[in-house]
Each structure stands twice: as C-alpha cells, then as structure tokens.
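Okay, structure first, notes after.
Just so it is clear, none of the values below were taken in a lab; they were calculated from the coordinates. What you see is a predicted model; the values in this text were computed from it and never measured. Don't worry about glycine lacking a Cβ; one is built from the backbone with ideal geometry, like all the others, and counts go over all protein chains shown.
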C-alpha cells in the first residue's frame, strides 16, 4: 500500500513539474518578446511587418483569383462553349466557379474556406525566409530564421496568423530569440467569400443570369414573330451577334442584388434587382466584356419570303412574313465583391441552349450538357477531311443523329492526311458534320453501326465581288444543295461561294408609293356541332370578321429573274467579280402591276459573267 502511495505521489509531482514548465515557457516567451532590447526592437518589428506584407499579398491573390493562390489545372474550352476553366481578366487568370469542359461537361470548382486557409498558410510559409535583413546586417546585426509552421484562419473581418519559427537576432555578444508570432490583419476576405458562395448557389438554383440573358436575346435579337410586309425579311448573322453582345454589354453591369449598397434612380430599375436571400451591404459588380469568349450560334432561315394571305386580292393583296430563329449562347459573367481596399471575384459560364436556360445543375464530377444520345459513344470511326484536291484540311467534327448533336473533336494533319479516330454513337443514317475556317460546312451520311471510315471533302469558299449595274437595291440568292448564300445589294457588294450547282434568283426593288386598301369582311364556315350531334355529322355556321388595316408598300419589285448554273472552283479561283445582267420591269402603278412584276421574276432569265 505504501509503495502505491509513493507511486501516486511521484506521478503528481511529475504532473506539477510538467504544468509548471508549460506555464513557465509561455511566461518566459512573453517576457522574451516583451523584453526585446530597444536596439533590437526595429529588427523584430521589421520581421513582423514582412510577414504581414506577405500575408496581404496572399490574401489579395485569393480575392483576385476566386479563392485560389495556386490555380487548378487549366482545362481548355470546347466547341459547345468557348470558355475554358479560367477567365483572362486584364491579363490575370481567374478560375471559373462553373464552366464547360472540353468534353462538354458542366463543372464547378469552388474552393472551400479550409482550402483557402491551407493555400494561404503554404504561401506565407514558402516566403518566410525571403525577408531582407541586409540593412540591419550593415548595422552589425546578424539574423537567423529557423524552420517554420504557419496556420492561417480566415474570419469575416480578419485574417489571423499563428507563425511558429525561431528568429534569433545577434548584436555583438548579445542575442534574443523569439519562436511564436501572432498577426491579425483587418480583411473582409471571409465575408466576401461567404457572400460569393451565397450568390453562386442562388445562380446555381435559380439561373437568374440565364433569365436576364434570355431577356437580352428577346430584346436585341429576332426570335419569333410575324411582320406585316410584302418584302422578304433578311437576317444577317453578324448584325444579330453584334446586337446580342451590345445588349449584354449594356445590361449585365446594371444587375444588382437586393441590399443597401445602391439607390435606384427610378422604380423601373427594380427590374435589374435580384433577391439572393441575403442582405447585401457591400459593393457588388456584375461584369461582361465583348472581348471575352462568347459563342452565339443561330439556327433558322436567314431570308424569309412574304406569304400572301387574302384570296381575291392576288398573292400580294395582304402579306406577312413569319419567322423563327433559335439560339445557342454562352458567355462569362464576372461577379465582384469589393471595397476601397479589397476585391473578391469569380466568373461563371452563362449558358442558353435552344432559346432556353441550361437544364442541368452542376456537380463536382460534372454533368453532361449534350443530348443523352451523346452519352453512348461506343463505335470507333476513322474520319478524314480533305479539300477538292485531296489536300488535308483540319476541321472541327460534330455528329448528328435525329435531332441530337454531339461534339466529337478535331481532325489534325499527320503526313498527307487530316485524321481523327473517335467514338461515335451508333446511329442509322446519321451525319458527320465538318467545319473549318474558309470552307463550307460538309455533311457526310453514315450508319455508324455498319461503317467505320468517313472521307469528307471540304469545299473552299471564295469571295467574289458583285456588280449588278444600275440596280439601286436587290436581293440576290444562291441556293445550292449543300450550300447557300444570300446578299442584300448594294449593302453587301460581295458574296462567298463554293463550287456547286446553284438556283440563282434576283429581286430588284425600288421606292414605291402604293397603298393596299383596308379590308373589312365577314366570313362564315360550317363547323361540327359539339357533343353527340357532331359525332353524327351535324354542323352549324360560324362567322368571324376579318379586319386588316391599310398597308403602305414602300418598296416594290421592279425587276429580276432566275437561272440555274454550275459554278466551278476554277471560275471562283480565277475571278474577282461576278457581273449579273438583270431585266428591269419598271415601277408598278397599281396592285395588278405589282403582282405582274412578281410573276415576271419567275419567267425572266438573268445572265452571269465572271471577270
């Protein structure tokens, strides 16, 4: 029993000694720090300021680079969306928090606060030994820095650092050594990051940026509608793209989050305010630049002919032009939280597919935004792309099966071939579509469940000037089986053509003062009765009113004609100008004359002459 009491007493004494030693260490440490001789104090203060400057540099990088100091591995963009995994913002790479990868996966890369703290700790630790003490060494001091350990804590309004490393300062036969250093920086990094995550999650669930983009598309680009007119409606891709981009440039910076950091000049500006579910009391910017990678693909007819509606008034008694264009749009938006000292920013990809906001929500592993057909690429096919001389042409390859489009990759030149070996979905009578700069798109029909090789010939585009003589305004259309082009002359005085057979039509227009009178009529038709009586064939008369206002025809057809021609590549290659001789009919004086002019276009011949 006495031995046991002795052992317990010994353990108690050892515990007291250990606790006392720990207490003495911290008291001694604080005493050492507080008792640094006055002549050595500037050396130590400089070291603390050096650590603080390094920490501020790391904090700044975290804010400017979306929460990263060491950037994630770069991933290039794709044909679907040209945004890569990083946005080039004023020469600085900023990782996207949401982006489309090269294999058409919608991905996110959002750093956690723990990852940010780890990167900041490593950044400071790697630079602890970089402090320059040469000025003090010239005064007779020697400074030695030992191994270090840095722990960073990011809070809403501060960034706290606990740095453990010995700094020993010698002056003659005296020295002082300090091992533990604590620094606290005033910083909103944690607050900005927290708000950024809230806004990102709001965009992820509500897609409010896509909704604004859809409004821009509808306001700044033709989507669907009907125009009351007797002249064709012409859509120019470049004008549409410029309109959408200018709309984004004008509207994205106007976006706000519900909060106290702004005041609205008028009530209608509330349209630009979104409620992200947080009270935003810091400045927020939404940024878009026309110089950033933006994709706008347009589907639909670019030239829409008028349709005559009213029977009895001729084909042009009443005219309307129905049109519908469909868009795929993708572009980056940079979100910034900032004050006069700091900024935290991150970009996201905004994606519109077939006039609708993207459907898939991103996950860490990535979600395919292609058609489900594209998920089953299990048939290997060798694809070769050439020009008409069988020289290799590097091309971008897509695959079409029914209404689905899959991005496949690019052919690349090796030796005498431009080749791509890739897996395609199994499909009967699908199409491989090849596109290349300066060449017309080429389609190759293939049943991938049977065929494994595709040789695709690309037709080179040639730019040829147009000359229609004294014609003031004309619509010139080249309709080919695989390639077509339409120009409004003289707004456009050249056309890009490829070798092939074309049906060529020219409509010449001039100013007109014709007025179609208003139509007020009542039509009655027999319709089936409702219910059982209708089933047995009973009908009743139903009448409706037709009220069409008077319509001015400001442009009338005054000439034109048609022809069919095979245009060889040698003609395009050796010529710089295409002269078109077009018959003129004169300005019509009445509706019957206008109708006669339209009919004459179908009967008259035009003549082509390459110079």
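Extension gain for residue 357 to residue 570 (0.36 nm times residue separation, less C-alpha to C-alpha distance): 72.1 nm.
From least to most packed, judged by other beta carbons within 10 angstrom and beginning with the fewest, 101, 205, 153 follow the order 205, 153, 101.
The tail of the calculated P(r) for segment 325-483, taken as Cα-Cα distances beyond 27 Å, holds 46 percent of the pairs.
Annotation: segment 195-273 has a Kirkwood hydrodynamic radius of 15.1 angstrom, from the mean reciprocal C-alpha pair distance. Over the C-alpha trace of segment 28-171, radius of gyration and Dmax come out as 20.4, 66 angstrom.
Could you grab the Rg to Rh ratio for segment 374-458? Cα atoms only, Kirkwood for Rh. Before the final figure, lay out each step's value.
On the way: Rg = 11.9 Å, Rh = 12.6 Å.
Value, to two decimals: 0.94.
P(r) for segment 134-185, from all Cα pairs and a bin width of 10 Å, is 23, 37, 28, 11, 1 %, short bins first. The ellipsoid that matches the Cα gyration tensor of segment 555-595 has semi-axes, each √(5λ) in whole angstrom, of 33, 10, 6, with the longest given first.
Can you give the extra length, in nm with one decimal, that the chain gains between residue 577 and residue 211 once fully stretched, where that is 0.36 nm per residue apart less the Cα-Cα distance?
Length gained, residue 577 through residue 211: 127.1 nm.
Evaluate the distance, in nm, between pseudo-label points positioned 7 Å from the Cα of residue 467 and of residue 496 along their respective Cα→Cβ axes. Reported label-point gap for residue 467 and residue 496 is 2.4 nm. Note on residue 482/residue 426: beta-carbon distance plugged into 1/(1 + (r/R0)^6) with R0 of 35 Å gives a FRET efficiency of 0.90. By other beta-carbon atoms within 10 Å, ranking 158, 539, 54 with the fewest at the front produces 539, 158, 54. For residue 382 and residue 151, the difference between the fully extended length at 0.36 nm per residue and the C-alpha to C-alpha distance is 77.7 nm. Here each label is just a point 7 Å from Cα along the line to Cβ, and for residue 285 and residue 437 those points are 3.1 nm apart.
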